[in-house]
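Student: Right, I'll just put the structure down here and ask away after.
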Amino acid sequence: MLLVLFVGGCGGRKGPKVVYVYGIVTLDGSPVEGASVGYSPVDRKVGLPAGGKTDAVGRYKLTAVRGGRPGAGTAIGDYAISITKVEFVPPEEPQPPPPAWWNPSMGPKPPPIRSVIPEAYGDSATSGLRATVRAGRNTGPEFSFELKADYTGKGK
């Protein structure tokens, strides 16, 4: 009898308990392809960090860290959001100085990159973006983010 209970209890799904989260990211009305969307729990005891990448029409689906199934979502809770997208600076354009952490003894300079969207969106403390994940499917305006090219950020 104990063996039946043990086997029955271990055959369930793997990974954390999550709910589906889907949204869209745009910049001044145009979809942002290839952006990284990060969800950080406001309360570390509730929720799971999660992330997703936007597709050609700006859609993302979240995947929780620590064993989440790809695109399955994240745990219920309140989240602060960060969104980043960077690209390499082409060699024919003026090159920015190397990062402050680099020195010549480290070898070749890292390739220069620039942010495609305002850098303030890349930090959940300055992005001003928040969402509450609830039981069931989480889609719609609360999970879609209209970014502005002239955004400078909000303080902590």
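Student: Look at segment 96-153 and say how many of its residues are in contact with a helix residue (DSSP H, G or I) (Cβ under 9 Å, 6 or more places away or on another chain), among the hydroxyl-bearing types (Ser, Thr, Tyr) and surrounded by 13 or more Cβ atoms within 10 Å (Cβ to Cβ).
Tutor: The qualifying residues number 5.
Student: I would also like to ask the following. Could you look through segment 49-58, keep only residues that are crowded, with 18+ Cβ neighbours inside 10 Å and part of a loop (DSSP other than H, G, I, E, B), and pick out the one that is farthest from the chain's Cα centre (by Cα)?
Tutor: Top of the filtered list is GLY58.
Student: Please work out if PRO31 is out of contact with any Phe, Trp or Tyr (no Cβ under 7 Å at 6 or more places or on another chain), exposed (fewer than 10 other Cβ atoms within 10 Å of the Cβ) and farther than 18 Å from ALA131 by Cα.
Tutor: It is false that PRO31 is out of contact with any Phe, Trp or Tyr (no Cβ under 7 Å at 6 or more places or on another chain), exposed (fewer than 10 other Cβ atoms within 10 Å of the Cβ) and farther than 18 Å from ALA131 by Cα.
Student: Can you tell which of PRO91, PRO96, PRO111 is over 19 Å from TYR60 (Cα atoms), in contact with a Phe, Trp or Tyr (Cβ under 6 Å, 6 or more places away or on another chain), modelled with pLDDT under 95 and part of a loop (DSSP other than H, G, I, E, B)?
Tutor: PRO111
Student: Does GLY73 fit the bill of being in contact with a strand residue (DSSP E or B) (Cβ under 7 Å, 6 or more places away or on another chain), modelled with pLDDT under 95 and surrounded by 11 or more Cβ atoms within 10 Å (Cβ to Cβ)?
Tutor: Against the criterion (in contact with a strand residue (DSSP E or B) (Cβ under 7 Å, 6 or more places away or on another chain), modelled with pLDDT under 95 and surrounded by 11 or more Cβ atoms within 10 Å (Cβ to Cβ)), GLY73 qualifies.
Student: So for segment 47-54 (the condition being modelled with pLDDT under 95, of a type outside the set (Val, Ile, Thr) and in contact with a strand residue (DSSP E or B) (Cβ under 6 Å, 6 or more places away or on another chain)), does at least one residue qualify?
Tutor: Checking segment 47-54: at least one residue is modelled with pLDDT under 95, of a type outside the set (Val, Ile, Thr) and in contact with a strand residue (DSSP E or B) (Cβ under 6 Å, 6 or more places away or on another chain).
Student: Mind listing whichever residues of segment 53-76 are without any contact (Cβ under 8 Å) to a residue 24 or more places away in the chain and in contact with a Leu (Cβ under 7 Å, 6 or more places away or on another chain)?
Tutor: Scanning segment 53-76 gives a single hit, VAL65.
Student: Within segment 27-35, is there a residue that is touching a residue at least 24 places away in the same chain (Cβ under 8 Å) and under 17 Å from GLY140 (Cβ atoms)?
Tutor: There is at least one residue in segment 27-35 that is touching a residue at least 24 places away in the same chain (Cβ under 8 Å) and under 17 Å from GLY140 (Cβ atoms).
Student: Looking only at segment 114-138, which residues are under 12 Å from LYS85 (Cα atoms), of a type in the set (A, V, I, L, M) and part of a loop (DSSP other than H, G, I, E, B)?
Tutor: Listed by number, the residues that qualify are VAL116, ILE117.
Student: Mind telling me which of the residues THR132, THR139, THR84, THR54 ends up being farther than 18 Å from THR26 by Cβ and hydroxyl-bearing (Ser, Thr, Tyr)?
Tutor: Checking each option against the conditions leaves just THR132.
Student: Provide a single number: the residues in segment 34-48 that are surrounded by fewer than 16 Cβ atoms within 10 Å (Cβ to Cβ) and within 9 Å of GLY77 (Cα to Cα).
Tutor: Looking only at that region, the number is 3.
Student: While we're looking at this one, here's another question. Does any residue of segment 8-21 turn out to be under 28 Å from SER115 (Cα atoms), modelled with pLDDT of 95 or more and of a type outside the set (D, E, K, R)?
Tutor: Scanning segment 8-21, I find at least one residue that is under 28 Å from SER115 (Cα atoms), modelled with pLDDT of 95 or more and of a type outside the set (D, E, K, R), so the answer is yes.
The values are calculated or read from the model by the stated rules, or taken from the named source; none is laboratory data. All values reported here derive from a predicted model rather than from experimental measurement. Counting neighbours? That spans all protein chains shown, and the Cβs are built from the backbone with ideal geometry, glycine included.
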